[in-house]
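The values are calculated or read from the model by the stated rules, or taken from the named source; none is laboratory data. Given the structure is predicted, the values throughout are model-derived calculations rather than measurements. Every residue, glycine as well, gets a Cβ built from its backbone with ideal geometry; the counts of neighbours run over all protein chains shown.
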Number of protein chains: 4
Amino acid sequence: MSHNTFGHMFRFTTWGESHGPAIGAVVDGCPAGLPLTPEFIQSFLDKRKPGTSKYVTQRKEPDAVKILSGVFEDDRTGGPVTTGHPISLMIENTDQRSKDYSEIRDRYRPGHADMTYDAKYGVRDYRGGGRSSARETASRVAAGAVARRVLGDDIVIRAALIQIGEHMIDGENWDWDETRNNPFFCPDKKMAKVWADYLDGIRKSGNSVGAVLQVEAQGVPAGWGAPVYGKLDTDIAAGLMSVNAAKGVEIGAGFASAGFTGTDNADEMRMGEDGKPRFLSNHSGGILGGISNGDTIVAKFAIKPTSSILTPVRSVTKTGAEVDIMTKGRHDPCVGVRAAPVAEAMMACVLADHKLRARGQMG
Amino acid sequence: MSHNTFGHMFRFTTWGESHGPAIGAVVDGCPAGLPLTPEFIQSFLDKRKPGTSKYVTQRKEPDAVKILSGVFEDDRTGGPVTTGHPISLMIENTDQRSKDYSEIRDRYRPGHADMTYDAKYGVRDYRGGGRSSARETASRVAAGAVARRVLGDDIVIRAALIQIGEHMIDGENWDWDETRNNPFFCPDKKMAKVWADYLDGIRKSGNSVGAVLQVEAQGVPAGWGAPVYGKLDTDIAAGLMSVNAAKGVEIGAGFASAGFTGTDNADEMRMGEDGKPRFLSNHSGGILGGISNGDTIVAKFAIKPTSSILTPVRSVTKTGAEVDIMTKGRHDPCVGVRAAPVAEAMMACVLADHKLRARGQMG
Amino acid sequence: MSHNTFGHMFRFTTWGESHGPAIGAVVDGCPAGLPLTPEFIQSFLDKRKPGTSKYVTQRKEPDAVKILSGVFEDDRTGGPVTTGHPISLMIENTDQRSKDYSEIRDRYRPGHADMTYDAKYGVRDYRGGGRSSARETASRVAAGAVARRVLGDDIVIRAALIQIGEHMIDGENWDWDETRNNPFFCPDKKMAKVWADYLDGIRKSGNSVGAVLQVEAQGVPAGWGAPVYGKLDTDIAAGLMSVNAAKGVEIGAGFASAGFTGTDNADEMRMGEDGKPRFLSNHSGGILGGISNGDTIVAKFAIKPTSSILTPVRSVTKTGAEVDIMTKGRHDPCVGVRAAPVAEAMMACVLADHKLRARGQMG
Amino acid sequence: MSHNTFGHMFRFTTWGESHGPAIGAVVDGCPAGLPLTPEFIQSFLDKRKPGTSKYVTQRKEPDAVKILSGVFEDDRTGGPVTTGHPISLMIENTDQRSKDYSEIRDRYRPGHADMTYDAKYGVRDYRGGGRSSARETASRVAAGAVARRVLGDDIVIRAALIQIGEHMIDGENWDWDETRNNPFFCPDKKMAKVWADYLDGIRKSGNSVGAVLQVEAQGVPAGWGAPVYGKLDTDIAAGLMSVNAAKGVEIGAGFASAGFTGTDNADEMRMGEDGKPRFLSNHSGGILGGISNGDTIVAKFAIKPTSSILTPVRSVTKTGAEVDIMTKGRHDPCVGVRAAPVAEAMMACVLADHKLRARGQMG
């Protein structure tokens, strides 16, 4: 029901605006006894931090996270562990330039939530998009770090960009290690170079472009998820679609499966060496009937181009005047680039929630 | 939290298995005073009823709905209206043939939930897929009929198939009226003929094929929905992804928007004759920042091919034996065909929920 | 959020009106593999059935329960077990006399929900109280039977009446076995006789009287429940206060503890023979900080007198006329008598929910 | 589901431990456009602040609240108003003395959550009770201030102590104004003097004592609340029972109604001068069938004596040793005294939630 809470047993609530004093998340339902330090959370935040390359916003924010509650020294190890109580995480906003907002105060930037926030609320923090800013996703990344502790190290969650604009990677070149070698989380070494030039051009022209990301989870045991409205794929779809600028989500073969025949689409089964069923293909994306089948969970999602561009576009004001608007400022030419850590965080949170839910309802 | 409940203020809970005595839905949170008869609900159920053409399962079920609670005679009109209390809807199963299930009792049909249900629950009603059967969607359609009463006649919700297998409609030929003239809910008269032949071949060969559907809502005012995790698009994505066999969801331009530049993607605005902002294009699918903008809500979703096919495929049994399996029975060559009324129902339920939520939180 | 759903992981949704075709409950979240038959559920329903003695309503209803979903034959035993899917329970209403309701159709019976239902909904099923009838509690009792399967036989839940009108039992005489020997669930043999005469007089004079019940759960392990807003006592209070006619709830010493000093109130601890802490007294009612401490859970609740009485009282009509009203019909002289099985059911449902929640969040 | 969230449409989530860096609340679902300043919230916090008289803990905390999000300058007035987004409230802990906790680190203080937290979580912030400290209630009071903005000035919520130990007020002397003239929120001038002496004795002897509070809401219109499990009285009971040390809750006549006959208990009705039904008595506490009837909402609740006392009591340690324990420190001789602002806050939050829920579901 809450607009700002995600998850059920493992859940988090985020708060804060782009240019307010701070943003944060309260993570609730986390089991007790898991090691958790600010440094661990910070390592995930640093992956989405602004200002790390010329392909992302030049806003300079350390995005330093503080843990305000829910962690205490362990009796045995003396190190900080979760206590089972709410974990309050806070990131102070440090780069809120006092600037002139008169340009956007009353004008509705196309593609942004300006017009709809006004329609719903009648009042709006217009500074940097306020609550609708992608800055909120830092809170998700922080919560996702906690989720990884719930999942443990046997579950590996990774995201990669597979398309920027019209440039798609070649799946044959896929190498997860490459995603750490370029500023695009690109698993295809060759395509990373193409993107570098391409995005540079986009950036210089004051334009922007969309992207497609793939996020995977390896090591999820068969049996997580639920039927009907509590499906694992339903929750992944909701989690990814809630990310700013997301316009589409696919599980496994996704839209391509519409073109398949049943024979092509069947993920045949044999017995694995571990005595468990294994699948000879993974069109399903690791989920059958809403429940994990033990194979890798695979989801993709599409991110639209950054709406803030330097080209003037036609718009209207709050009071109904017709204007042209051009959005200056420090914008990502492709918001998809920084969405990879966010996608991983959402996947981690969905899985942590379902791990606890599965354990609760087990026979 | 509940695996079998959808929605928040306007919510429904479904129950029942394919071959049990009945299936049903309990609709809760519906406002009082709305006219509601079994006939009205039946008119929607008849659109997804099996046995209506040779392109769908030949299972013969009248799918007759009963209203067991939540409706009473209105003081003024004498006609039945909702009372604000839970509306219990029941559809008795009448075509549960007593047949031999030994074939599928212990074998995992690829693409079905057999293996994952066993992994999660350890016990499984294998008759016709039990709870995982698409028969559950009849309950959604019944709930969706109630949702339409909440929305009123000014909001028009319609679904169409736009792709079957590799055959896509031509958007230029779009005519909503045509969706009622062919058994495929196809808005392109020419393509309907192609599909007829194509599906006939698929059916005769014992194979199956996937589909893509588009569902739209016209007349939704600006301001429904919510930011962050309560986004209208998030809830639509969850609702459509929860439909059996769904593998992907798009809002507005969807995955295509990844290939756009910001300039291409901008939905520019001018003032409409009604004094409200209007959009010169609708790449956003009528939603900005999770909130409706007054334009038509547009979503698409992909349905994988029916997993039950006559071609033998490799699989395993509950006890780990490797077998070949072939699924006989009365199956839809393309389950997408009967998904159109289901898509409309899910869209109606999401919107009814958000209508009530928006009203509750208004200033 | 739902007005008609109780619980979180183990939850049930009830539906139905007193004089509609049926009432029922959908139980969701129940683990798979638990034996469940209609006969088992029926054994609980028979304890609250109307018409069993002259001290309760003479409405004649068999209250026969049907299981419509969520149960299937077990592979190993062949007996019916839960499948993990929603369990739909239905009780058909058979004694809906067609009678003249003109007396209460427009008049607000004091103490009833007539006036407030009209204020909220504007339309009302006035036949037998509609949704506000205590008949709804049969659905709770059915759900409570399922909850007992979740809890297993080691947890014993029992309720007793300890006060009717001004006549309180003597705690010294407490004998749980006696609760099965009289129609009042009275654990004090002597008081049962006093009540018999007393209630007979109340009944003959067309009046009614209130009651206090005590409900206990033995065998609950330490560690169920949660802090702050998910407290076990919070949920027990909510569960009991939701019972028709309930006006007060106590945990352990309840209101008496206000008169105690800290020294008197302290439940001192020593080590038990089983190596677990044991308590030398139980003022806490088995709950500390919202979490069970291993001692017996003890709650009490107060039921107001039946509002339907033969004495005329002053009231108003829907349209604002001032009238005198007297409620004829087949009413319980003390609704508290039939509340004992309902109290047990609510306690069972709260504990089943917390059992699953505790298991989900464990470290 | 969340253990740390209260409410549905208007909801708040609290976090923080007694001796951590801060505590706080995130309020979600608040409508936009309501004036809200830190000063307004502070005025409520100051009423429960420690150190205000010798009858409460001498811990010195300013309890200064910060608003970190969800408020922005209003277009029209320029003053701060709610934006409809989550309101993050933080109170820094300033009086966390570094002291020796070895006494309580491993010992279970009777009446406290020490033993049960360990049973559930296995790890525990023992400093000042950690999450189980009554300090958490400051977060509730802050959230309650926001709730009052939702309710507006026409709804007046007030709490009073009516019993401390065995000393009960005389209802004939009730004067709401008096509650501001003594440190006990006592509406009976004479009894306030008795309590002053009595509590002084209790305090000096290192003992403690319980209390009963009454909380009322005037001006609630008929029609708020819901039937069955969403009852207004159910939610009030849950809200008050969730307060630290609460052991019992009554609505209206409460347990006394068990001793009444139906004739005594009937709240008769006549038409009021405003054309609405009015009640000639208020045994119901303003709620019928779970829905407000327009009369004053009246609830009472019992608070047990502070568990921290100077008298040594028998207990055990984490590792099973039998010990005597005596709790030194700065404790309230009667925690009930500071519970009055908390009771008001919980009542305000329940009503704000139901105001929004009623508005959402209206026909």
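Is it the case that some residue within the stretch D:187-202 is modelled with pLDDT of 95 or more and under 30 Å from B:G29 (Cβ atoms)?
No, there is no match, as no residue in the stretch D:187-202 is modelled with pLDDT of 95 or more and under 30 Å from B:G29 (Cβ atoms).
Return the pair list, or none, for Cβ contacts closer than 8 Å from residues in the stretch D:107-136 that are within 13 Å of A:S69 (Cα to Cα) to residues that are of a type in the set (V, I, T), at least 6 apart or on different chains.
Every condition considered, the pairs that remain are D:R124/A:T83; D:D125/A:T83; D:G130/A:T83; D:R131/A:T83; D:R131/C:V228; D:E136/C:V228; D:E136/D:T14; D:E136/D:I23.
State whether one or more residues within the stretch A:181-189 are in contact with a helix residue (DSSP H, G or I) (Cβ under 9 Å, 6 or more places away or on another chain), among the aromatic types (F, W, Y) and over 30 Å from B:K276 (Cβ atoms).
yes
Name the residues in the stretch D:283-299 that are in contact with a helix residue (DSSP H, G or I) (Cβ under 6 Å, 6 or more places away or on another chain) and not polar (S, T, N, Q), would you?
Answer for the stretch D:283-299, where residues must be in contact with a helix residue (DSSP H, G or I) (Cβ under 6 Å, 6 or more places away or on another chain) and not polar (S, T, N, Q): D:H283, D:I287, D:L288, D:G289, D:G290, D:I291, D:A299.
Looking at the stretch D:203-229, which of the residues that are touching a Lys or Arg at 6+ places or on another chain (Cβ under 8 Å) and among the charged types (D, E, K, R) is modelled with the lowest pLDDT?
If we take residues in the stretch D:203-229 being touching a Lys or Arg at 6+ places or on another chain (Cβ under 8 Å) and among the charged types (D, E, K, R), then D:R203 is modelled with the lowest pLDDT.
Examine the stretch A:338-350 for a residue that is farther than 30 Å from B:H3 by Cα, more than 14 Å from chain C (Cβ to nearest Cβ), buried (at least 17 other Cβ atoms within 10 Å of the Cβ) and in contact (Cβ under 8 Å) with a residue 24 or more places away in the chain, and state whether such a residue exists.
Yes, the conditions are met somewhere in the stretch A:338-350.
Scan the stretch C:291-302 and report the pairs whose first residue is of a type in the set (F, W, Y) and whose second residue is assigned to a loop (DSSP other than H, G, I, E, B), with Cβ atoms within less than 9 Å and a gap of 6+ or a chain change.
Pairs found: C:F301/C:V243.
Within the stretch D:28-47, can one find any residue that is closer than 19 Å to A:I87 by Cβ and touching a residue at least 12 places away in the same chain (Cβ under 8 Å)?
Yes, some residue in the stretch D:28-47 is closer than 19 Å to A:I87 by Cβ and touching a residue at least 12 places away in the same chain (Cβ under 8 Å).
Consider C:R131 carefully, then state whether it is out of contact with any strand residue (DSSP E or B) (no Cβ under 6 Å at 6 or more places or on another chain), buried (at least 22 other Cβ atoms within 10 Å of the Cβ), modelled with pLDDT of 95 or more and farther than 26 Å from B:Y121 by Cα.
yes
State all residues of the stretch A:317-362 that are over 22 Å from A:G152 (Cβ atoms) and assigned to a helix (DSSP H, G or I); if no residue qualifies, say none.
Within the stretch A:317-362, A:V335, A:G336, A:V337, A:R338, A:A339 qualify.
Considering D:S307, D:S315, D:S257, D:S281, which residue is at pLDDT below 95 and more than 30 Å from B:L34 (Cβ to Cβ)?
Result of the check over D:S307, D:S315, D:S257, D:S281: D:S307.
Would you be able to say whether some residue in the stretch B:80-91 is of a type in the set (G, A, S), closer than 23 Å to B:K318 by Cβ and not in a strand (DSSP E or B)?
no
If I ask for residues that are in contact with an Asp or Glu (Cβ under 8 Å, 6 or more places away or on another chain) and touching a residue at least 12 places away in the same chain (Cβ under 8 Å), which ones from the stretch B:1-14 would you list?
Within the stretch B:1-14, B:G7, B:H8, B:M9, B:F10, B:R11, B:F12, B:T13, B:T14 qualify.
Considering only the stretch B:96-103, I want to know if a residue exists there that is within 14 Å of chain A (Cβ to nearest Cβ), closer than 30 Å to A:D267 by Cα and without any contact (Cβ under 8 Å) to a residue 12 or more places away in the chain.
no
Of the numbered conditions (1) part of a strand (DSSP E or B); (2) surrounded by fewer than 24 Cβ atoms within 10 Å (Cβ to Cβ); (3) at the interface with chain B (Cβ under 9 Å from one of its Cβ atoms), A:K300 satisfies every one except a single condition; which is it?
Of (1) part of a strand (DSSP E or B); (2) surrounded by fewer than 24 Cβ atoms within 10 Å (Cβ to Cβ); (3) at the interface with chain B (Cβ under 9 Å from one of its Cβ atoms), only one is false for A:K300: (2).
Between C:D118, C:D154, which is within 13 Å of chain D (Cβ to nearest Cβ) and surrounded by fewer than 22 Cβ atoms within 10 Å (Cβ to Cβ)?
Just a single option satisfies the conditions, and that option is C:D118.
So that you can scan it fast, the table gives a plain yes or no per residue for (1) within 24 Å of A:A352 (Cα to Cα); (2) within 28 Å of the chain's Cα centre (by Cα):
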{"position": "A:Q218", "(1), (2)": "yes, yes"}
{"position": "A:P221", "(1), (2)": "yes, yes"}
{"position": "A:T234", "(1), (2)": "yes, yes"}
{"position": "A:G248", "(1), (2)": "yes, yes"}
{"position": "A:M269", "(1), (2)": "no, no"}
{"position": "A:K276", "(1), (2)": "yes, no"}
{"position": "A:S281", "(1), (2)": "no, yes"}
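Within the stretch D:172-189, can you find the residues that are in contact with an Asp or Glu (Cβ under 7 Å, 6 or more places away or on another chain) and over 16 Å from D:V337 (Cα atoms)?
D:N173, D:W174
Does A:A119 count as on the phi < 0 side of the Ramachandran plot and touching a strand residue (DSSP E or B) at 6+ places or on another chain (Cβ under 9 Å)?
yes
Looking at the stretch D:320-337, which of its residues are facing another protein chain (nearest Cβ under 10 Å), over 16 Å from the mean Cα position of the chain (by Cα) and of a type in the set (G, A, S)?
Matches in the stretch D:320-337: D:G320, D:A321.
Picking from B:R148, B:R127, which residue would you name as being away from chain A (no Cβ under 14 Å) and over 18 Å from the mean Cα position of the chain (by Cα)?
From the options B:R148, B:R127, the qualifying one is B:R127.
Which count do you get for residues in the stretch A:281-294 that are at negative phi and part of a loop (DSSP other than H, G, I, E, B)?
Number satisfying all stated conditions: 5.
Just to be sure before I move on: is D:S88 under 30 Å from A:C30 (Cα atoms), in contact with a helix residue (DSSP H, G or I) (Cβ under 8 Å, 6 or more places away or on another chain) and either surrounded by fewer than 21 Cβ atoms within 10 Å (Cβ to Cβ) or not β-branched (V, I, T) (or both) in the structure I sent?
no
Is it the case that some residue within the stretch B:16-38 is surrounded by fewer than 24 Cβ atoms within 10 Å (Cβ to Cβ), more than 9 Å from every other protein chain (Cβ to nearest Cβ) and within 30 Å of B:K204 (Cα to Cα)?
Yes: one or more hits.
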